[in-house]
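Read through the structure below, which is laid out as structure tokens, and then see the notes.
Laboratory data are not the source of any read-out in this text; all were calculated from the coordinates shown. Everything numeric here is computed off the predicted structure, so don't read it as measured data. Virtual Cβ from ideal backbone geometry, glycine too; neighbours counted across all protein chains shown.
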Amino acid sequence: DAGVTQSPTHLIKTRGQQVTLRCSPISGHKSVSWYQQVLGQGPQFIFQYYEKEERGRGNFPDRFSARQFPNYSSELNVNALLLGDSALYLCASSWDRADGYTFGSGTRLTVV
Amino acid sequence: KQEVTQIPAALSVPEGENLVLNCSFTDSAIYNLQWFRQDPGKGLTSLLLIQSSQREQTSGRLNASLDKSSGRSTLYIAASQPGDSATYLCAVRSASGGSYIPTFGRGTSLIVHP
């Protein structure tokens, strides 16, 4: 079975631009969560979706948004990019909201 | 609000040593706790998941224990190898509030040299 897949793997954007990151969960997993990780720190929670509904939102500005599709895949959108948005963005899927996570390999976003 | 602390922040040891990595949390009302490994620039790989009703979990050379009353979990690595070099993170999923959103520690960076 395929694991959690994220695309793209690397991305370079200019300040002010918009970006969309994609995540496909493990087959059968209904919950997808997004995390931001900057160098030297633990992952910071951005969003959790379960059964296509937002079930949690971290302390991130409204420039960050996400959605989950009927096939349980998910997109994370970031508008008006800032240099400080440069980070590794991680997607995790789980059977339900309380189950253990399986992470994807991440998308490395660089904002210049 | 749940706070998770990992000690030590960094560790450098010779091959063959037995290691203990610590994870402490402030709210003992947890649902489960998960240990991960992260190689530089990569995603997180799950090592062990301990439910709140369990005291420990084992996988190969790894053993994780959980003591909810003292707010602590320990990851024990036996006979360390250079391939164990990575950052180890713990994530605590609280039962309070019904959100089940895990809180991560900042990790322990481990180097095992030959």
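Quick notes on this structure:
- Cα-based reach from residue A:52 at 24 Å (exclusive), listing lysines while leaving out same-chain residues under 8 positions away: A:30
- Rounded to the nearest 20, the size of the Cβ-charge dipole of the protein assembly as shown about its Cα centre is 440 debye, with Lys and Arg at +1 and Asp and Glu at -1.
- Rounded to the nearest 20, the Cβ-based charge dipole of chain B about its Cα centre (Lys and Arg +1, Asp and Glu -1) stands at 280 debye.
- Its alpha carbons give the protein assembly as shown an Rg and a Dmax of 17.4, 50 Å.
- Farthest positive-ward along the protein assembly as shown dipole, Cα basis, beta-carbon charges - from A:20, A:56, A:10: A:20
- Candidates B:28, B:70, B:80, ranked by Gaussian network fluctuation over chain B, Cα under 10 Å, top entry: B:70
- Shape analysis of chain A yields a ratio of the Cα radius of gyration to the Kirkwood radius, Rg/Rh, of 0.95.
- Of the Cα atoms belonging to chain B, the radius of gyration and Dmax stand at 13.7, 46 Å.
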